[in-house]
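Let me begin by presenting the structure, written as structure tokens, before commenting on it.
The numbers here are math on the coordinates, done by the rules we state, and not lab data. None of the values given here were measured: they were computed from a predicted structure. All Cβ positions, even for glycine, are placed from backbone atoms using ideal geometry, and neighbour counts span all protein chains on display.
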Amino acid sequence: MDGSSRLAAVVTFCVLSMAFSQLGFLFVWNLLAGPRAETAINAISVVNLLACIGLGVEFCVHMAHQFSLSRRRHVESTSDDHTRYALTNVGASIFSGITLTKFCGIGVLAFAPSMLFRVYFFRMYLGIVLLGCFHGLALLPVLLSLLGQPQKYPNDLGSFLLSEERGDKFEDEPDLLE
């Protein structure tokens, strides 16, 4: 799998993880809120879940784009370096430009007189913003540093054992059989 498809798979995983986490968030909040303020799965909540996918893309795509730019500009760097570059360039923008502005926008919904706005918009969008911030600034960078690009020299046990079976020697390794 080349770098672009690998990056697309990581972003897709993060966005889908955010959508399923939102369903879990609703379930836990329903347990805590009681039957009077329960969020049912209906047309409004399904539209909000679709908005969750769109906002999940918004939280993740900027980080992935900067990671991709770093890979093109700094070819010899590791995926940790590319992730650090992406976090440095867009991490603060994601936090202040997306997360904090969305909090300001949905904060007023907490005081809405209508239960519909408090339950289906404030509660769901609060979960979307919290999960989006977590997925875009914590989970995605970890996945990018682990899976962002194939290693030129993998140092896992499997490749070490295969090199032993093939009889590969390191240059400075003495031959013990002689």
Quiz item: Excluding residue 144 itself, what net charge comes from residues whose Cβ is under 14 Å from its Cβ, given Lys and Arg +1 and Asp and Glu -1?
Solution: +1
Practice problem: Take every Cα pair under 8 Å in region 1-110 that's 6+ residues apart, average their separations, divide by the length, and report that relative contact order as a whole percent. | Solution: 26 percent
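Please report Rg over Rh for region 3-166, where both radii come from the alpha carbon positions and Rh follows the Kirkwood definition. Intermediate results must be reported in sequence, preceding the final value.
Numbers: Rg = 19.6 Å, Rh = 17.6 Å.
Value, to two decimals: 1.12.
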Quiz item: With the dipole of region 3-166 worked out from charges on the C-beta (+1 for Lys and Arg, -1 for Asp and Glu) around the Cα centre, which of 61, 132, 105 lies farthest toward the positive end?
Solution: 105
Self-check item: Potential lengthening between residue 13 and residue 50 on full extension [0.36 nm per residue; Cα-Cα distance subtracted]
Solution: 11.8 nm
Practice problem: Work out from phi, with θ = phi - 60° and the Karplus expression 6.51 cos²θ - 1.76 cosθ + 1.60, the ³J(HN,Hα) of each residue of region 87-100, listed in order in whole Hz, and give x for Gly and Pro. | Solution: 5, 5, 7, 10, x, 5, 5, 5, 5, 7, x, 9, 5, 5
